[in-house]
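Encoded as structure tokens, the structure appears first; notes follow it.
None of the figures in this text is laboratory data; all of them are computed from the coordinates on show. Since the model is a prediction, treat every value here as computed from it, not as a measurement. Quick reminder, even Gly has a Cβ in these numbers, built from the backbone with ideal geometry, and neighbours come from all protein chains shown.
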Amino acid sequence: MLNGGNPTANFLLQQLRDGEDVEMAIFPTGPGIGHVLTLTGINWNDLNSNNLFDAGDTLTLNTIDPGNPGVNTPLTLSPGGLLSITGANYNGYTLGVALAESPVPEPTTVSLVLLSGGAIAFFRSRRAK
């Protein structure tokens with residue numbers, strides 16, 4: 001599922017709850033190039049318990065950064081129109097696009113893998129005789 005042009009904190013939360021892999025594109029507010037991160041978790045402090053990311057709430061994204069593999073890069077989001085990032089190497093960036101993809105293989109892929117394994121076993125057994 002793609003959420004382009006201002007993904008919301010609720011979208012990110014729901015995709016993680018659904019077990020989806022979430023890739024995010026972040027962009028600087030000034031000159032520069034964007035960057036892609038993988039979302040691994042969210043820590044949210046909903047101060048007024050309204051299930052909306054609004055003023056006073058803090059939300060930290062735990063991400064994997066391909067530019068710094070093996071290191072968790074926590075990013076703190078600020079509520080408002082665009083979700084702006086504070087902290088780490090991406091201070092002042094905004095979250096522009098989020099793409100959620102299912103980590104579960106399609107049934108056709110599973111079928112092809114099983115069929116290939118069966119064919120290999122069959123030809124090996126014929127060759128051994």
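Descriptive notes on the structure:
- Efficiency of FRET from Cβ geometry, Ala121 and Gln14, R₀ 30 Å, rounded to 0.05: 0.10
- Between Val22, Asn43, Pro74, the Cα set farthest toward the positive side of the dipole of the stretch 17-83 (charges on each charged residue's Cβ, about the Cα centre) is that of Pro74.
- Full-extension gain in nm, Thr40 to Asn89, via 0.36 nm per residue minus C-alpha separation: 15.9 nm
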